[in-house]
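All remarks here apply to the structure that follows.
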Amino acid sequence: MDEQLIVIGGGASGLMAAITAARRGRKVIVLEQNEKPGRKLLATGNGKCNLTNLDLSEAHYRGGDSRLIGSILSSFTNHDAIDFFQELGLKTIDRNGWVYPYTEQASQVLRLLLLEAEKYRVKIKSKEQVTSISCMDGLFLVSTLTWTYKASRVIIATGSPASAVRGSSGDVMQFARDLHLDTVPFLPALVPLRIRENVTNRWAGTRVRASVSIYTDSVFTASEIGEIQLTDFGISGIPVFQVSRYAAEGINRGRKVNAVLDFMPDISEEDLENDLEKRAASRPNAPLSDLLIGLLPDKLTTLFNDKGIRSSNNACMEKIQKAFRKTARQIKQYTVTITGTASLKQAQICSGGIPAKELTDHLESRKIPGLYFAGEAIDVDGECGGYNLQWAWSSGYVAGISCTSSVHIL
């Protein structure tokens, strides 16, 4: 039997798996469908490559089994990742817990990985698109458009169809079907959200510190706070990305999904109402929209413009107070209907892939000994902030270590 290892996919997790296995004496071939490996890695963090995060735990991940996620992360931690890259020659920098290359160039991360792979004689074959995988009596046959490779072990690290980067792949689904493995459908995660309400032409281009809360069939699901971008189709920005997985899941299941925006998360509704009353007292006969100047960005004040309300109209004081109360509530609980997500090409990551129940703690298939998975091919997705690259490093390391063992643990 040929004792070589085939790694399918030359991205972050695939390269980590290949290097880890090769360091331990395994003969490794990486099959990469693109002209060059690491194309998606070059785009991470807008090209700056957020390597990992100093605040690491399974709480920052979704999908799968939290116990399995914790086990993989503890096998190759954020500090292990930093040490690994520093040993390769990469100086890193901590930006409020988000760890980057000191040069903020993803290209240098990739170059160092490729140099290390070359050092340990990893063969990287580009433009090799795998078309099928089969296994019989412990021998894997991995076929491409031009050749059939034989291997005793295979690691599938093909990633997901997320990202506009050419060559992003959902091939793991085809391979899983061929091998009769269960899968979870790919859905966009870390992605902008589309809304139904006809307000986007009024707020497009606005950035505002706010919180966003997702409700599925009126049940609270998730919440995040930070700078939200209001776009011509809906809402975007890191806080929206963090909760988008739950919106995508709800939409996919045919549920009603709403996002509740709090445009002033650092002040209570009661204090905001009182502030509006004080503004009204100091600005006689001002329209409601003028009272919001200095509180909200210009484009947002138009959302709450009640031209019939003036700040000092004694005959309608009760009506004015009611309007202030209503406005404060709207600012704190501005509700929009989520109709969907932006496309997979606009997503930074996907949920879905091979579920945890299919895998051992060593990321080996429970049904097919010698078959391993890593990175986005597994149904695990992390928050923004280096968590998904850390999952790539950790899962790639575990798969690479595990496939060098002569014993399969089921």
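The values are calculated or read from the model by the stated rules, or taken from the named source; none is laboratory data. Keep in mind it's a predicted model, so treat the numbers as computed, not measured. Virtual Cβ from ideal backbone geometry, glycine too; neighbours counted across all protein chains shown. Areas reflect the complete protein model, heavy atoms only, side chains present, ligands, DNA and RNA absent. Shrake-Rupley method; radii C 1.70, N 1.55, O 1.52, S 1.80 Å.
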Residue separation times 0.36 nm, minus the C-alpha to C-alpha distance between Arg121 and Asp266: what's the value? 46.6 nm
Give me the 1.4 Å probe accessible area per residue for region 192-272, excluding ligands and nucleic acids, in Å². 46
So which residue, out of Gln229, Gln321, Gln105, gets the largest mean-square fluctuation from a GNM of the chain using Cα contacts under 10 Å as springs? Gln321
Rounded to the nearest 10 Å², the accessible area of Tyr100 using a 1.4 Å probe with every protein chain kept is 30
Fully extended, how many nm does the chain gain between Ser71 and Ser57 (0.36 nm per residue separation, minus their Cα-Cα distance)? 4.0 nm
Partners for Lys322 among lysines (Cα-Cα distance below 20 Å; same-chain residues under 8 apart left out): Lys278, Lys307, Lys332
Longest principal axis of the chain (C-alpha) makes with the long axis of helix 317-332 (C-alpha) an angle, in degrees to the nearest 10, of 10
On the full set of protein chains, 1.4 Å probe, figure out the accessible area of Trp98 and give it in Å² to the nearest 10. 80
For the chain, one quarter of the surface area of the C-alpha convex hull, expressed in nm², comes to 21.5
Simple spin-label estimate for Ser405 and Asp290 in nanometres, 7 Å along Cα-Cβ: 7.4
If the cut-off is 19 Å between C-alpha atoms, which aspartates and glutamates fall inside it for Lys357, apart from same-chain ones fewer than 8 positions away? Glu58, Asp65, Asp178, Asp182, Glu376, Asp379, Asp381
Measuring from the longest principal axis of the C-alpha atoms of the chain, the long axis of helix 269-282 (C-alpha) lies at a number of degrees, nearest 10, equal to 40
Could you please state, rounded to a whole Å, how far the C-alpha centre of region 10-42 is from the C-alpha centre of region 65-134? 10
Computed over the chain: longest principal axis from alpha-carbon atoms vs helix 12-23 long axis, angle to nearest 10 degrees, is 30
Distance in nm between pseudo-label sites at Lys150 and Ser282 (7 Å out along the Cβ direction from Cα): 8.4
Phi angles of region 214-220, converted by Karplus (6.51 cos²θ - 1.76 cosθ + 1.60, θ = phi - 60°) into ³J(HN,Hα) in whole Hz with x for Gly and Pro, give 9, 10, 10, 6, 6, 9, 4
In region 48-118, the trypsin sites (Lys or Arg not before Pro) that fall in loop regions by DSSP, at most 16 other Cβ within 10 Å: Lys48, Lys91
Below 13 angstrom from the Cβ of His60, what's the summed charge of the other residues (Lys, Arg +1; Asp, Glu -1)? -3
Rounded to the nearest 0.05, what FRET efficiency do Phe233 and Gln333 give with R0 = 25 Å and r taken as the Cβ-Cβ distance? Could you check? 0.70
